[in-house]
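Novice: Before I ask anything, here is the structure I am working with.
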Amino acid sequence: MQTHASAEGEQLRPLRVGIAGLGTVGAALVRILTQDGDAIARKLGRRIVVSAISARSRSRDRGVDISQFRWFDDPVALARSEDIDLYVELIGGEDGPALASVTAALENGCPVVTANKALLARHGVTLAKAAEATSAQLGFEAAVAGGIPVIKTLREGLGSASITRVFGILNGTCNYILTRMGEEDIGFDACLKDAQALGYAEVDPTFDVEGFDTAHKLAILTSLCFETEIAADQVFVEGITRITQADIKVAADLGYKIKLLGMARKVENGIEQRVHPTLVKKSSAIAGVDGVLNAVSLETNHVQELLLAGPGAGGEATAASVLSDIFDIARGTQVPPLGVPSSHLVPCTRAPMRAHEGGYYIRLNARDVPGALAAIATRMGESNISLESVIQRPDLRANESGPEAENSRTVVLITHETIESAVREALGRIAKDGFIVGEPQLIRIEEF
Ligand code: HSE
């Protein structure tokens, strides 16, 4: 196999790319490489040619002509082929052909570019070790925040800085849904359907809306930020499926927007990695990141806060990140996949969520009987929770149905900073008192 050797005489030799997976991103990549071939060659000083491809269906119409490329039924055979200098994995999935082919390429010393966050979240450290063992580069810019160059920023731009906190909007589908639910009178399911039609959502959209896609991306960022092993199973995850238009409306009236955030920081007893809907002040920079846009905020010892924002999903934007990795490999850039040699990574210990401190938005369906509100406030006080505001919203209907719900009123409590375990304890007692109907809604507030 010819490697991407950077010796002077070889610079003009085309870089031969093998692409496995021709979904939204793969098809966009083939289109860009085909249409912009001359411009890429001028910029890079070297041509990039698609030399072979592999996908599930050879005949599906993807809007690009693939007849000129050598076809492989088996992506592992493509990854091992002597006729490619770089293997691009866009199959998806944390195991199966994606894992087998990426492993095969790296073991063979062939550089790999992948957009597969699930694969990296689960096997990233093993793959980084495999890459280091054969000095093959492993690029995954497209795996986190679509078109935003956050991996390069962490691996190279901020290489010497010490990161204190990372947070961001890491899922375009969820941000698109929450934005549209806030701006138009459209329900969750219709917004999700549109996100799917626009090519933002995962094959199984529960990965998006249940927060797992954000958790995968956060786990990768955490490793790069804090030099820890990737630990996606240590992320606290809550998705957006329980967020209602009532929540979005009340939050807006109180000066907040609801965003699905991924956040990680070092705390006393480990690394707090959490993904959940969050109330953020409308005036904060992150609140202005709407629609399919993603944003990542990096707080460092030297640069205070760096906010990167841009398209977080979609074929073109994600393919652009794949291409930027291809450029780096074509130029011979050498960086450890996870920013530091994988032998330097330390285990990532989970900090318990019950110790989380912050403000809370609590929406309850309180039974419309004398003393209900007073009892709720008393229980809060008993758990040492100070209330910033209590709002009754007779205009908002309870979600639950039945005569009990008919007789209930929507009440929203905003707490001052408190500990999560105290909020859970108070809500448990309130439920036992019998003054509320259905499950309370609990959304954490972050003051950025
Ligand atoms: N489904 C993902 C999203 C695609 O909506 O952000 C990009 O990873």
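The values are calculated or read from the model by the stated rules, or taken from the named source; none is laboratory data. All values derive from a computational prediction rather than experimental measurement. Backbone-built Cβ (ideal geometry, glycine too); neighbour counts: all protein chains shown.
Novice: Can you name every residue in the range 350-382 that is touching a strand residue (DSSP E or B) at 6+ places or on another chain (Cβ under 8 Å), small (Gly, Ala, Ser) and farther than 18 Å from residue 278 by Cα? First the steps, then the outcome.
Specialist: Of all residues in the range 350-382, those touching a strand residue (DSSP E or B) at 6+ places or on another chain (Cβ under 8 Å) come to 350-351, 353-368, 372-373, 376-377, 380.
Adding the requirement that they be small (Gly, Ala, Ser) leaves 351, 355, 358-359, 366, 372, 377.
Across the range 350-382, the qualifying residues are 351, 366, 372, 377.
Novice: Pull up the range 403-430, narrow it to residues that are assigned to a helix (DSSP H, G or I) and either over 34 Å from the mean Cα position of the chain (by Cα) or assigned by TED's automatic domain parsing to the domain that holds residue 281 (or both), then point me to the one that is farthest from residue 274 (Cα to Cα). Talk me through it step by step, then tell me what you get.
Specialist: We begin by selecting, within the range 403-430, every residue assigned to a helix (DSSP H, G or I); these are 403-406, 420-430.
Cutting the leftovers down to either over 34 Å from the mean Cα position of the chain (by Cα) or assigned by TED's automatic domain parsing to the domain that holds residue 281 (or both) gives us 403-406, 429-430.
Details: 403: 37, 404: 34, 405: 32, 406: 35, 429: 26, 430: 26 Å.
That would be 403.
Novice: Okay, moving on. Sort through 102, 112, 144, 125 and tell me the only one that's within 15 Å of the ligand (Cβ to nearest atom) and at pLDDT 95 or above.
Specialist: Details: 102 fails: within 15 Å of the ligand (Cβ to nearest atom); 112 fails: within 15 Å of the ligand (Cβ to nearest atom); 125 fails: within 15 Å of the ligand (Cβ to nearest atom).
Criteria check complete, one pass: 144.
Novice: Now for a different question. Given the condition crowded, with 22+ Cβ neighbours inside 10 Å, polar (S, T, N, Q) and within 22 Å of residue 354 (Cα to Cα), answer yes or no: does some residue in the range 206-220 qualify?
Specialist: Scanning the range 206-220, I find at least one residue that is crowded, with 22+ Cβ neighbours inside 10 Å, polar (S, T, N, Q) and within 22 Å of residue 354 (Cα to Cα), so the answer is yes.
Novice: Among the helices (runs of 4 or more DSSP H) contained in the range 164-258, which hold 2 or more residues that are within 16 Å of the ligand (Cβ to nearest atom)?
Specialist: 172-183, 188-197, 206-209, 212-226
Novice: In contact with a Leu (Cβ under 7 Å, 6 or more places away or on another chain) and assigned to a helix (DSSP H, G or I) - does that describe any residue in the range 7-23?
Specialist: The answer is no, given that none of the residues of the range 7-23 is in contact with a Leu (Cβ under 7 Å, 6 or more places away or on another chain) and assigned to a helix (DSSP H, G or I).
Novice: If a residue must be of a type in the set (Val, Ile, Thr) and either touching a Leu at 6+ places or on another chain (Cβ under 9 Å) or within 16 Å of the ligand (Cβ to nearest atom) (or both), how many such residues does the range 328-339 contain? Show your work before the answer.
Specialist: Looking only at the range 328-339, we keep the residues that are of a type in the set (Val, Ile, Thr), and these are 329, 333, 335.
Those left that are additionally either touching a Leu at 6+ places or on another chain (Cβ under 9 Å) or within 16 Å of the ligand (Cβ to nearest atom) (or both): 329.
So the count comes out to 1.
Novice: Now a separate question. Which numbered condition trips up residue 119, out of (1) more than 16 Å from the ligand (Cβ to nearest atom); (2) within 24 Å of residue 263 (Cα to Cα); (3) part of a helix (DSSP H, G or I)?
Specialist: (1)
Novice: So which pairs qualify, if the first residue must be in the range 170-181 and closer than 19 Å to residue 143 by Cβ and in the same structural domain as residue 117 (by TED's automatic domain parsing), the second must be within 8 Å of the ligand (Cβ to nearest atom) and modelled with pLDDT of 95 or more, the Cβ gap must be under 7 Å, and the two must be at least 6 apart or on different chains?
Specialist: Short answer, once both residue conditions are applied: none.
Conditions (1) touching a residue at least 24 places away in the same chain (Cβ under 8 Å); (2) closer than 21 Å to residue 39 by Cβ; (3) touching a strand residue (DSSP E or B) at 6+ places or on another chain (Cβ under 9 Å); (4) more than 16 Å from the ligand (Cβ to nearest atom), marked per residue:
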{"site": "289", "(1), (2), (3), (4)": "yes, no, yes, no"}
{"site": "292", "(1), (2), (3), (4)": "yes, no, yes, no"}
{"site": "299", "(1), (2), (3), (4)": "yes, no, yes, yes"}
{"site": "311", "(1), (2), (3), (4)": "yes, yes, yes, no"}
{"site": "319", "(1), (2), (3), (4)": "yes, yes, no, no"}
{"site": "326", "(1), (2), (3), (4)": "yes, yes, yes, yes"}
{"site": "348", "(1), (2), (3), (4)": "yes, no, yes, yes"}
